[in-house]
Amino acid sequence: MLLITVGTEQYQFNALMHWIELLIKYQLINENVLVQYGFSTHLPDGSTAYRNLSEQDFLNFVDRASLIISHCDENIAQLLEDKDTPYVLVPRLHRFREHIDNRQMEIADEFEHRGVAIARSPGDLAKFIKLQQSTLNPNVDETQLCEYLKDRYPSQKLMLVCAAGGYFRYMQSLKSFWENYSDRSWISVRTHTTESKIENVLRYWGYAPVKNNFANFIRNVVLAFRVMPRQKPELVVCTGSGFSLPYLIIARCLCGSKVVFIESKTRFLDIGLPAWILMKLNVLDLIVVRSRAIANRYPKSVYIPVSDGSNQEITQHRDYKQASIVTWLFWV
């Protein structure tokens with residue numbers, strides 16, 4: 001099942017609805033399509049449509065979907081990073097009255113630079129639908145971050161802590177750093193992906209979700225008290241999410257571990273709640289952020305930009321007034 005969701009934005013997104021309809025018509029989509037259309041006035045033929053979904057229904061559909069297509073919003077990206085389901089984001093355009101401004105186009109440029117799949121035409125969507133889990137997320141070059149971590153923390157007994165979904169993919173992108181430490185262990189969430197890709201004998205499975213699930217939080221606390229004193233890691237590296245909190249706090253307090261927190265690539269303006277808690281508790285030896293705006297707000301953080309391999313940051317955005325003919329045709 002494909003899930004198309006445009007949130008509760010008060011603007012229509014008919015262009016995306018037409019794109020989906022086109023792909024269904026030409027059988028480029030060969031599975032059930034569920035659309036949450038918000039304020040859009042056109043619904044794709046051949047889809048099951050809901051104007052709005054309750055939070056529980058939305059999360060149930062997310063878990064069942066093979067691919068999620070959504071508008072280019074920071075909040076939805078952060079939510080989807082916590083899931084195993086691959087996703088594609090489509091920016092709304094001010095010119096076609098899809099948004100109040102061109103903020104989503106700017107976000108799309110940044111996200112694409114950071115390895116998030118962005119579609120700007122029906123052709124892009126067809127490509128990502130065909131790829132799905134195989135090579136959906138474009139590769140990014142994390143050489144600068146990996147080299148920084150290796151130089152700062154040589155010869156450490158290492159533990160890697162990350163949830164599943166995007167957080168695990170984030171940790172996988174840092175392989176050129178952690179593969180140099182033969183004495184390493186993992187704490188993650190058991191999924192088909194994590195089981196197949198974590199080859200270490202020393203791996204422990206935590207409990208998720210933790211949001212609004214106090215029982216899983218307590219289970220993670222118990223596991224942390226059991227695992228950390230046994231392993232006594234010198235260095236603990238985490239790629240975000242509230243899942244990691246008990247493990248990082250107990251590693252620091254009971255084992256004196258150096259704790260490194262690498263903030264999500266989907267955050268532009270501020271750190272998330274887990275990073276804020278860890279900073280307030282003075283748990284972190286290092287926090288790495290991927291946005292200059294966040295680095296300016298937190299002088300103790302270390303800013304390392306995400307690179308696409310060109311060793312250049314984005315300095316120019318697209319000319320948003322020059323929308324593609326493909327976008328225009330499917331809006332009218």
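Things to note:
- Springs between Cα atoms under 10 Å define the GNM used for the chain, and in it the highest mean-square fluctuation of S155, S196, S244 occurs at S196.
- Rounded to the nearest 20 debye, the dipole size of the range 148-240 about its Cα centre is 200 debye, using +1 on the Cβ of Lys and Arg and -1 on the Cβ of Asp and Glu.
- In a reduced charge model with +1 at each Lys and Arg Cβ and -1 at each Asp and Glu Cβ, the chain shows a dipole moment near 860 debye about its Cα centre.
- The modelled label-to-label distance for the pair Q78/S176, using points 7 Å beyond Cα in the direction of Cβ, is 3.0 nm.
- Annotation: amide H of Y204 within the under-5 Å range of W186, I187, S188, sequence separation 5 or more or interchain, hydrogens built in the peptide plane.
- Backbone geometry of the range 175-182 corresponds, through the Karplus equation with coefficients 6.51, -1.76 and 1.60 at θ = phi - 60°, to 3J(HN,Hα) couplings of 4, 5, 7, 6, 6, 7, 10, 5 Hz, x marking Gly and Pro.
- Out-of-range pairs (alpha-carbon distance over 32 Å; input K232/K280; K25/K175; K157/K197): K25/K175
- In loop segments of the range 45-107 as defined by DSSP, there are no GluC sites (Glu not before Pro) with at most 12 further C-beta atoms inside 10 Å of their C-beta.
- For the range 113-195, the dipole from Cβ point charges (+1 on Lys and Arg, -1 on Asp and Glu) about the Cα centre works out to 220 debye, to the nearest 20.
- Over the chain, Cα pairs under 8 Å with separation of 6+ residues give a relative contact order of 15 percent.
- Cleavage-rule hits (trypsin sites (Lys or Arg not before Pro)) in the range 209-289: DSSP loop, at most 14 neighbouring Cβ within 10 angstrom: K211
- One decimal place: the segment N212-K130 gains 26.1 nm when fully extended, by the rule 0.36 nm per residue minus the C-alpha distance.
- If R0 is 25 Å, the Cβ-Cβ spacing of R103 and N60 corresponds to a FRET efficiency of close to 0.25.
- Computed from the Cβ-Cβ distance with R0 of 22 Å, the FRET efficiency linking L273 to V222 stands at 0.50.
Each reported figure results from applying straightforward, stated rules to the coordinates on display, with no laboratory input. Please read all numbers here as calculations on a predicted model, not as lab measurements. Virtual Cβ from ideal backbone geometry, glycine too; neighbours counted across all protein chains shown.
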